[in-house]
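**Student:** Mind having a look at this structure? Questions to follow.
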Amino acid sequence: MMIKIIQRDGIDDNKLMPIYAEGNFENTDYFYPEITDKVEAVKKVEHDFCDYIKTEFLNGTNSYYVWENDGIWVSALRLYYIKDNFYFLEALETAADFRKKGYAAQLLTAVINELKLNGHFKICSCVRKNNIASLNTHKKCGFNIVSQYGYDYLQKEIDNRCYGLEYSF
């Protein structure tokens, strides 16, 4: 079942962090290269991640969506409201133990169906060119590749490692 989170108190760090465990581990080298103890570095990355969600992301216009299965948060994404029914999707991820079961597609489809209730909209997303699973999930849910490079609407940067994807209704 889909859970929509729009307020800080809706985020359960202990349920959310396992979804992003691999990415958080990888991010230790980027954010904390000076910390050699990976357990300590992961804890700092997780703390910073949760702090960002609660202090910056959940600002009244953005939404965090989670797919829950038997009480476990298995997949999640962030949806930034940019302007005029235009959204930027980021951080679609599924916990490693729950991949290849369709949870990300179920979550993304549920988000799209919720947005359809309010009329027309557009969602853009950037997906790494080598992330075949995510590309396939986006395509399965109706996204099209519209650019050979991704555009990060938050950083206002082009990323040549990504494709730009779009869903319009």
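The values are calculated or read from the model by the stated rules, or taken from the named source; none is laboratory data. Given the structure is predicted, the values throughout are model-derived calculations rather than measurements. Surface accessibility is based on the protein's heavy atoms, side chains included, excluding ligands, DNA and RNA. Shrake-Rupley method; radii C 1.70, N 1.55, O 1.52, S 1.80 Å.
**Student:** For the range 109-161, taking Cα atoms only, what is the radius of gyration to one decimal and the Dmax to the nearest whole Å?
**Tutor:** Computed over the Cα atoms of the range 109-161, radius of gyration and Dmax are 12.3, 34 Å.
**Student:** Over the range 1-159, what percent of the accessible surface lies on carbon and sulfur atoms, probe 1.4 Å?
**Tutor:** That fraction is 48 percent.
**Student:** So how do 17, 2 rank on accessible area, 1.4 Å probe, biggest first, that is with the largest at the start?
**Tutor:** Listed by decreasing accessible area, they come as 2, 17.
**Student:** For the chain, compute the orientation-averaged projected area of the C-alpha convex hull (one quarter of its surface), in nm². Intermediate results must be reported in sequence, preceding the final value.
**Tutor:** On the way: hull surface 39.9 nm².
The Cα convex hull of the chain, projected and averaged over all directions, gives 10.0 nm².
**Student:** What accessible area per residue, rounded to a whole number of Å², is obtained for the chain using a probe radius of 1.4 Å?
**Tutor:** 57
**Student:** With no solvent and one equal point scatterer per Cα, compute the Debye intensity ratio I(q)/I(0) for the range 1-90 at 0.23, 0.26 Å⁻¹ and report its log10, rounded to two decimals.
**Tutor:** With one equal scatterer per Cα and no solvent, log10 I(q)/I(0) is -1.16, -1.30.
**Student:** Here is a follow-up. Which of the three applies to the range 43-114, rounded, prolate or oblate, going by the alpha-carbon gyration tensor with a ≥ b ≥ c and a/c under 1.5 meaning rounded?
**Tutor:** Verdict is oblate for the range 43-114.
**Student:** Would you list 97, 51 from the most to the least accessible area, probe 1.4 Å?
**Tutor:** Solvent-accessible surface, decreasing: 97, 51.
**Student:** Next question. At 1.4 Å probe size, what's the solvent-accessible area of residue 145? Round to the nearest 10 Å².
**Tutor:** Residue 145 exposes around 60 Å² with every protein chain in place.
**Student:** A follow-up question, please. Residue by residue through the range 6-14, which ³J(HN,Hα) values in whole Hz follow from phi under the Karplus form 6.51 cos²θ - 1.76 cosθ + 1.60 (θ = phi - 60°), with glycine and proline marked x?
**Tutor:** 10, 10, 3, 6, x, 7, 9, 3, 5
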